[in-house]
1. Among (1) in a loop (DSSP other than H, G, I, E, B); (2) of a type in the set (S, T, N, Q); (3) within 21 Å of LEU6 (Cβ to Cβ), where does SER107 come up short?
2. Of everything in segment 99-120, what is within 15 Å of THR83 (Cβ to Cβ) and not polar (S, T, N, Q)? Give them in sequence order.
3. Output the residue which, of all residues in segment 105-129 that are at pLDDT 95 or above and of a type in the set (Gly, Ala, Ser), is surrounded by the fewest Cβ atoms within 10 Å (Cβ to Cβ).
4. If we keep just the residues of segment 21-36 that are of a type outside the set (Ser, Thr, Tyr) and part of a strand (DSSP E or B), which is nearest to LEU212 (Cα to Cα)?
5. Within segment 91-102, is even one residue in contact with a His (Cβ under 7 Å, 6 or more places away or on another chain) and either exposed (fewer than 15 other Cβ atoms within 10 Å of the Cβ) or assigned to a loop (DSSP other than H, G, I, E, B) (or both)?
6. Given the structure, is GLY132 exposed (fewer than 15 other Cβ atoms within 10 Å of the Cβ) and at pLDDT 95 or above?
7. Would you check which residues across segment 146-184 are surrounded by fewer than 21 Cβ atoms within 10 Å (Cβ to Cβ), within 18 Å of TYR56 (Cβ to Cβ) and touching a His at 6+ places or on another chain (Cβ under 9 Å) and list them?
Amino acid sequence: MHMQALSLHTRHLAEQQAFYHTILGFPLLAETADSFTIRAGTTRLRFQQGQHDVLYHVAFTIPRNTFMQAKSWLCERVSLLLTSNGEDEIFFEARDKSSGEQITTRSLYFCDPANNILELIVHSTLSQETEGPFGADKVLHVSEIGLPVGDVLQLAAALKEQLALEPYPFWSPISEEFAYLGDNSGQLVVVKIGRPWLPTETVLATVAPVHLTISGQRMQQIQLSPYPYLITVTTS
């Protein structure tokens, strides 16, 4: 699931633009009086002026051979978020007992000025690698957006019916608290409202407006009512 574009709200537009464009170095694609858009790899990330404080979880995939370079680069610009055990990395490994397929990821977490929970992640199953110093230009794409809901199972079923989205990995169970839907290119992180966002135990998932544009086999637009979550599917 390729995320072509992601539009989010913020009450701190100027601070957000300075952070993403000036501090992190993402190219600025557009700027208006009430919004700005940067390019994160192959994804257009837009922030729209809002009236209220909101909270998001967003992940950016980076080439699998750049993790340590990315960590050093990031630490020069922000403070990393720590787990309850004081770790500044999260390593995930899963293996399908029937096929033997193994998936591993490795992540760093940090915040932007609006306190959104951001993540740099490498996927072992993505073959992209790169050379040279790490920078924002090495980011491949936005790969995760959090969607807090009251009923995880219900929304997961709706996304399967309307978008054919399955758990990733495909053998990963969906629970009443959490569903990770998509593939190794992009995932919708559907969580129970009030569930803490990793790596914290105190930053709780809340509903905030999301407009996501993804690639698909047919054009359609899906409003995930009663939530302010709009998904546009394009064939380009």
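The values are calculated or read from the model by the stated rules, or taken from the named source; none is laboratory data. All figures in this text were calculated on a predicted structure; none of them were measured in a lab. Note that we place each Cβ from the backbone using ideal geometry, even for glycine, and neighbour counts take in every protein chain shown.
1. (1)
2. ARG106, LEU108, TYR109, PHE110, CYS111, ILE117, GLU119
3. If we take residues in segment 105-129 being at pLDDT 95 or above and of a type in the set (Gly, Ala, Ser), then SER107 is surrounded by the fewest Cβ atoms within 10 Å (Cβ to Cβ).
4. Here is the first cut: in segment 21-36, the ones of a type outside the set (Ser, Thr, Tyr) are 21, 23-31, 33-34, 36.
In the following step, the residues that additionally are part of a strand (DSSP E or B) were identified as 28-31, 36.
Details: LEU28: 19, LEU29: 17, ALA30: 18, GLU31: 19, PHE36: 16 Å.
My answer is PHE36.
5. So far as segment 91-102 goes, no, none of its residues is in contact with a His (Cβ under 7 Å, 6 or more places away or on another chain) and either exposed (fewer than 15 other Cβ atoms within 10 Å of the Cβ) or assigned to a loop (DSSP other than H, G, I, E, B) (or both).
6. Values: exposed (fewer than 15 other Cβ atoms within 10 Å of the Cβ): yes; at pLDDT 95 or above: no.
No: the conditions fail for GLY132.
7. none
Results for (1) crowded, with 16+ Cβ neighbours inside 10 Å; (2) within 16 Å of the chain's Cα centre (by Cα); (3) outside any strand (DSSP E or B), shown as yes or no for each residue.
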position: MET1; (1), (2), (3): yes, yes, yes
position: PHE19; (1), (2), (3): yes, no, yes
position: ILE38; (1), (2), (3): yes, yes, no
position: PHE47; (1), (2), (3): yes, yes, no
position: ASP53; (1), (2), (3): no, no, yes
position: PRO63; (1), (2), (3): yes, yes, yes
position: GLN69; (1), (2), (3): yes, no, yes
position: LEU74; (1), (2), (3): yes, no, yes
